[in-house]
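Trainee: To start, I am sharing the structure in question, which I have written as structure tokens.
The values are calculated or read from the model by the stated rules, or taken from the named source; none is laboratory data. Please read all numbers here as calculations on a predicted model, not as lab measurements. Using ideal geometry, Cβ is built from the backbone for each residue, glycine included, and neighbour counts are taken over all protein chains shown. Just so you know, the surface numbers come from the protein's heavy atoms only, side chains and all, with ligands and any DNA or RNA stripped out. Shrake-Rupley method; radii C 1.70, N 1.55, O 1.52, S 1.80 Å.
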Amino acid sequence: MLSVVIPCYNEAQTLPATWSRLAQASLTWQEPSEFIFVDDGSTDGTWERIRCLSEEDLRVSGVRLSANHGQQWAIGIGLAHARGQAVIVMDADLQDPPELVNELVEHWRRGADMVIAVRRARAGEPRWKRWAAQLVYRGLWRLGIGRMLPDAGDFALLDRKVVRWLLTWRTVPPFWRGMREFGFFRRVYVEYDRQTRRMGQSHYSLWRLCRLAWDGLFGLTHLPVRLVGWLGQVCVLVIVAVALAALLGKLEPFFALLAALGMSTVMLTSQLALTCQYTLRIVRHLEMPRNACVADYAGLLRVSRNSRRRRKRKAL
Ligand code: UDP
Ligand code: MG
């Protein structure tokens, strides 16, 4: 079976079209399929749409998150619930064409573990977004994450073994497109022209993109630790230099003291901020089971959850 995981945030208007194009495209896959829509705390009736679709089409199931946790989190929930031998992750707004899935599946059948869709053209996307992506991905690549292509997003097909491996990661919040680069899997890249958003507008403001990059930076690299280490060394050097200058009478002791105090403050606050950031991540990682934010299920997922509950009750 093939599973398609679709994170949705306020996509009520687009969903029927997404489902109908998916259903149409799935005729060419020649494999049974399931479509898992993950509602990431929408407020516009997306969940009601998902429930209607799940009643209409048995292949559709839904998971509702308790609040807006972000696309990466929603993808993780979808991956955890997918049952297929291969899982396709794609956006709900039809920017990732469902018709391309057939090509991804063909590569998977020929032995690829991961088939990643790379954007050749990005219609309707502002230029700053492309530059920002180039900057962040190239930066992360230089910092030791595998070869993250600036034009590759989350649209990809992942074999079951890749999904299983990805789900062992407990990085909070996850950053799937970076995490998947760490694995030694056979990967294939497929180019496509990204279309404009069908309805509504992108949920990724500059602020949200910065947060995503921040999560990637903290979750997958050691750069923050190294940066704070270098900063500490620079501060110590400056303190030693001003102390020497004061001893040799080249600097007023008052200014030397002021400079030393300033440098110590910079050093301590940066180290404290770093420690807090990592502690917060570790606490979230330890405390939060991945399913903690699930509020409701629809379709077959609901049925299987209820039957699991009944079985448990019987056993008791
Ligand atoms: N999305 C989500 N949670 C969010 C923001 C976005 O699940 O907090 C979903 C959204 O519904 C879409 C996908 O993630 O299916 C990509 O979002 P969007 O189209 O806004 O991003 P862009 O394509 O502009 O990068
Ligand atoms: Mg989009």
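Trainee: Using a Debye calculation, one point per C-alpha and no hydration shell, please list log10 I(q)/I(0) for the range 1-79 at q = 0.13, 0.17, 0.18, 0.27 Å⁻¹ in order.
Mentor: Log-scaled intensity ratios, in q order: -0.35, -0.60, -0.67, -1.34.
Trainee: While we're here: Just to confirm, what accessible area per residue do you get for the range 127-257 at 1.4 Å probe, in whole Å²?
Mentor: Details: 7760 Å² over 131 residues.
Per residue, the range 127-257 has an accessible area of 59 Å².
Trainee: Then there's this: Ordered by packing density, taken as the mean number of other Cβ atoms within 10 Å over each peptide's residues, highest first, how do 115-121, 21-27 rank? List each step's numbers first, then the result.
Mentor: Working: 115-121: 19.1, 21-27: 16.1.
Per-residue mean Cβ counts within 10 Å order the peptides as 115-121, 21-27.
Trainee: Sort the range 1-143 into rounded, prolate or oblate with this rule: let a ≥ b ≥ c be the square roots of the eigenvalues of the Cα gyration tensor; rounded if a/c is under 1.5, and if a/c is not under 1.5, prolate when a/b is larger than b/c, oblate otherwise.
Mentor: Details: a/c = 1.65, a/b = 1.18, b/c = 1.41.
Note, shape of the range 1-143 comes out oblate.
Trainee: When the chain is modelled as a GNM with alpha-carbon springs shorter than 10 Å, which of A82, A246, A295 fluctuates the most?
Mentor: In this elastic network of the chain, the residue with the biggest mean-square fluctuation among A82, A246, A295 is A246.
Trainee: Still on this model: Apply the Karplus parameterisation 6.51 cos²θ - 1.76 cosθ + 1.60, with θ equal to phi minus 60°, to every residue of the range 53-68 and state each ³J(HN,Hα) to the nearest whole Hz, in sequence, with x for glycine and proline.
Mentor: Running phi through 6.51 cos²θ - 1.76 cosθ + 1.60 with θ = phi - 60° gives 4, 5, 6, 6, 10, 5, 6, 8, 10, x, 10, 10, 8, 5, 7, 7 Hz.
Trainee: To continue, here is another question. For the chain, what is the mean residue ellipticity at 222 nm derived from helices alone (per DSSP H run of n ≥ 4: -39500 (n - 2.57); sum divided by total residues; nearest 500 deg cm²/dmol)?
Mentor: Details: 11 runs with 162 residues, N = 316.
Calculated at 222 nm, the ellipticity per residue is -16500 deg cm²/dmol.
Trainee: Given the chain reduced to its alpha-carbon atoms as identical point scatterers, what log10 I(q)/I(0) does the Debye formula return at q = 0.08, 0.12 Å⁻¹?
Mentor: Debye output, listed in q order: -0.45, -0.85.
Trainee: On to the next question. So, with a 1.4 angstrom probe, what is the percent of accessible area on the chain that is carbon and sulfur? Numbers along the way, then the final one.
Mentor: Working: 9950 of 16530 Å².
Result for the chain: 60 percent of the exposed heavy-atom area is carbon or sulfur.
Trainee: Answer rounded, prolate or oblate for the range 225-272, using the Cα gyration tensor with square roots of eigenvalues a ≥ b ≥ c: rounded when a/c is under 1.5, else prolate when a/b is larger than b/c, else oblate.
Mentor: Details: a/c = 5.16, a/b = 2.16, b/c = 2.39.
Oblate is the answer for the range 225-272, as a/c is 1.5 or above yet b/c matches or exceeds a/b.
Trainee: Rounding to the nearest 10 and keeping the result within 0 to 90°, find how far the Cα-based axis of helix 206-220 lies from the longest principal axis of the chain.
Mentor: The answer is roughly 80 degrees.
Trainee: Amide H neighbours of A12 under 5 Å, counting only residues 5+ apart in sequence or on other chains, H built in-plane at 1.01 Å?
Mentor: T46
Trainee: Once the Cα gyration tensor of the range 69-183 is found, what semi-axes does its equivalent ellipsoid get, as square roots of 5 times the eigenvalues, in whole Å, sorted largest first?
Mentor: Details: eigenvalues 93, 65, 42 Å².
Value: 22, 18, 14 Å, ordered largest first.
Trainee: Taking Cα atoms, how many degrees apart are the long axis of helix 253-287 and the longest axis of the chain, rounded to 10 and kept between 0 and 90?
Mentor: Computed tilt is about 20 degrees.
Trainee: Does the range 184-236 classify as rounded, prolate or oblate by the C-alpha gyration tensor (a ≥ b ≥ c root eigenvalues; a/c under 1.5 gives rounded; else a/b over b/c gives prolate, otherwise oblate)?
Mentor: Working: a/c = 4.42, a/b = 1.76, b/c = 2.51.
Here the range 184-236 falls in the oblate category.
Trainee: Follow-up. To the nearest 10 degrees, how steep is helix 300-315 against the longest Cα principal axis of the chain, on a 0 to 90 scale?
Mentor: The helix 300-315 is inclined about 90 degrees to the chain.
Trainee: Let me ask something additional. Dividing the alpha-carbon radius of gyration of the range 173-316 by 2.2 N^0.38 Å (N being the number of residues), what value is obtained? Could the numbers behind the result be given before it?
Mentor: Details: Rg = 26.0 Å, N = 144, 2.2 N^0.38 = 14.5 Å.
So the range 173-316 has a normalised radius of gyration of 1.79.
Trainee: Something else: Quick one, what does Rg over Rh come out to for the range 123-258 if you take C-alpha atoms and the Kirkwood Rh? Can you show the working numbers first?
Mentor: On the way: Rg = 22.2 Å, Rh = 18.6 Å.
Answer for the range 123-258: 1.19.
Trainee: Each residue of the range 167-181 in turn: what ³J(HN,Hα) in whole Hz from Karplus with 6.51, -1.76, 1.60 and θ = phi - 60°, glycine and Pro shown as x?
Mentor: Result, ordered by residue: 6, 7, 6, 10, 4, 10, x, x, 9, 4, 5, x, 4, 5, 6 Hz.
Trainee: Same structure again: How high is the relative contact order of the chain, in percent, with contacts defined as C-alpha pairs under 8 Å that are six or more residues apart?
Mentor: Numbers: 483 pairs, mean separation 67.1, N = 316.
RCO, the chain: 21 percent.
Trainee: How much area per residue is accessible in the range 1-60 when the probe is 1.4 Å and only protein heavy atoms are counted (Å²)? Write out the running numbers ahead of the final one.
Mentor: On the way: 2440 Å² over 60 residues.
Accessible area per residue, the range 1-60: 41 Å².
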